[in-house]
Each structure stands twice: as structure tokens, then as C-alpha cells.
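Participant: Please find one structure pasted underneath; my questions will follow.
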Amino acid sequence: MIKIKVSNLANGRFDFNFNGKVIDLEIPEPYIGNYNTNVVLDKFENQIIIDVETKIAANLICDRCAADFQSVINSKYKMVYLFQTNFNESVDEKEDIVYLHPDTDKIELSSDVRDFAILAVPMKRLCLENCKGLCPRCGKNLNDGSCNCDEKIIDPRWESLQKLRIKNN
Ligand SMILES: [Zn+2]
Ligand SMILES: [Zn+2]
């Protein structure tokens, strides 16, 4: 669990680092192995601001070539904790503000770390930025080299240019 004791914390800036198993935080697939979470905490008289960065390895499948690959995904978020006697302990999710009673002993980051990690999983997953994908004819992974049929496939966008070239020659 990722907890920071905030009672008796002096005003100022503090760094915390947490390591553990993704299973223990119930962080789901595609994440695997261990998380590493770095927290920079600024403590003021009546508020705490945290900047959180988490790095976790994930097992992904490339959208273009269907290869399995591993990638480390970074997720970051910022949260403000306000100490207020007038409020019951509550969360304003839109503003990323958490209201705390002044007697609060610890803040618990586990569920936020998990939620932001889940949000950080990319929609588009590529093994390489310029992954060449699979040949639509023979299915060969073109990252491993070109196949014999690729010369015969002409992108329609280039076809007229190709004809022009032939004419000029
Ligand atoms: Zn790929
Ligand atoms: Zn081919």
C-alpha cells in the first residue's frame, strides 16, 4: 500500500519512493511485475500538494504487426489535499482536490496510483514507432525484412506518380 504519514509533517518539500508488486495494488493487466512510484510532496500550513509519477512494465500486443512486446508505461498525476474543519472528508474528483480533517494521520495513494495507471495505458500500441506491420498478401512481418510480393503492391496514392515516371523515361 502507498501511504504517507502527514501528521507532524513539517512545512516544506519531501520526496518519497515506493516499490511493490502490481498484484498488491490490484493493478490489472496489461501491467506486470513491480510498480515504482515517486512522490514529490509540498506541505503548506493548510494544504498538501503531491506530484506522483509511476512507472510499470506492461505486456502489450502491437496493433500493426501483432507482435508481443514489453514497454514501461509512465503515469503522472497531481492532487491537492486541503485541511478544513468545516468539511466532512470528501473528494472533489473534478478538481483533483481532496478535503481532509486537520487530524488526518495518513494519506492513502494506492487507489489513485492504480486509477491513473489504468488511464495511462495507450489506446494505440505500437512495438516500434515506425512498425512496418504485416504484408497484406503473405502475412510476413515486414520488420524482419521485406517479402517477395511487396513490389507488386502499389499504393494507389503513388500509382499516378509511377505512371508519370514511366512516361518520362
Ligand atoms: Zn509492430
Ligand atoms: Zn508479402
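Participant: Provide the gained length on full extension for the span Glu45 to Lys106, in nm with one decimal, where the gain is 0.36 nm per separating residue minus the Cα-Cα distance. Numbers along the way, then the final one.
Facilitator: Details: separation 61, 0.36 × 61 = 21.96 nm, distance 1.59 nm.
Difference between extended and current length: 20.4 nm.
Participant: Neighbouring Cβ atoms within 10 Å as the yardstick, rank Met1, Met123, Met79 fewest first.
Facilitator: Numbers: Met1 12, Met123 5, Met79 19.
The most exposed by this proxy come first: Met123, Met1, Met79.
Participant: Can you give the local net charge around Tyr35? Use residues other than it whose beta-carbon is closer than 10 angstrom to its beta-carbon, Lys and Arg +1, Asp and Glu -1. Walk me through the numbers before you get to the answer.
Facilitator: Working: positive: Lys21, Lys55, Arg114; negative: Asp24.
So the surrounding residues net to +2.
Participant: Based only on other Cβ atoms within 10 Å, what is the fewest-to-most ordering of Leu25, Leu126?
Facilitator: On the way: Leu25 22, Leu126 17.
Exposure proxy ranking, most exposed first: Leu126, Leu25.
Participant: Using θ = phi - 60° and the Karplus form 6.51 cos²θ - 1.76 cosθ + 1.60, what ³J(HN,Hα) does each residue of the stretch 10-22 get, whole Hz, x for Gly and Pro?
Facilitator: Taking θ as phi minus 60°, the curve returns 6, 5, x, 10, 9, 10, 10, 10, 10, 10, x, 8, 4 Hz for the stretch 10-22.
Participant: For a 26 Å ceiling on Cα separation, which of these pairs sit above it: Lys55/Lys140; Lys21/Lys106; Lys43/Lys124; Lys3/Lys124?
Facilitator: Lys55/Lys140; Lys43/Lys124; Lys3/Lys124
Participant: So if we plug the beta-carbon distance of Ile73 and Cys149 into 1/(1 + (r/R0)^6) with R0 = 25 Å, what FRET efficiency do we get, rounded to 0.05? Don't skip to the answer; put the middle values down first.
Facilitator: Numbers: r = 36 Å, r/R0 = 1.43.
Here the calculated transfer efficiency is 0.10.
Participant: Tell me, in nm to one decimal, what length is gained between Met123 and Lys5 on full extension, where the rule is 0.36 nm per residue of separation less the Cα-Cα distance? Intermediate values should be presented prior to the final figure.
Facilitator: Details: separation 118, 0.36 × 118 = 42.48 nm, distance 3.55 nm.
Going from the current span to full extension adds 38.9 nm.
Participant: Taking θ as phi - 60°, what are the ³J(HN,Hα) couplings along the stretch 68-78 by the Karplus curve (6.51, -1.76, 1.60), each to the nearest whole Hz, with x for Gly and Pro?
Facilitator: For the stretch 68-78, the Karplus-derived couplings read 6, 8, 10, 8, 8, 9, 9, 10, 10, 7, 10 Hz, x marking Gly and Pro.
Participant: Further, regarding this structure: Are there GluC sites (Glu not before Pro) in the stretch 25-61 that DSSP marks as loop and that have at most 14 other Cβ atoms within 10 Å, and which are they? Present the calculation step by step, with values, prior to reporting the outcome.
Facilitator: Values: sites: Glu26, Glu45, Glu53; in loops: Glu26, Glu45.
Counting only loop positions with at most 14 other Cβ atoms within 10 Å, the GluC sites (Glu not before Pro) in the stretch 25-61 are Glu26, Glu45.
Participant: Still on this structure: Would you please give the FRET efficiency between Asp63 and Asp96, computed as 1/(1 + (r/R0)^6) with r the Cβ-Cβ distance and R0 = 30 Å, to the nearest 0.05?
Facilitator: Details: r = 31 Å, r/R0 = 1.03.
About 0.45, to the nearest 0.05.
Participant: Still on this structure, please answer the following. What are the principal axis extents of the Cα atoms in the stretch 1-118, in Å, biggest first?
Facilitator: Answer, in whole Å and largest first: 55, 26, 21 Å.
Read-outs throughout are calculated quantities, based only on the coordinates presented, and are distinct from any laboratory measurement. Fair warning: this is a prediction, and the values are worked out from it, not measured in the lab. Glycine also receives a Cβ, built like all others from the backbone with ideal geometry; neighbour counts cover every protein chain displayed.
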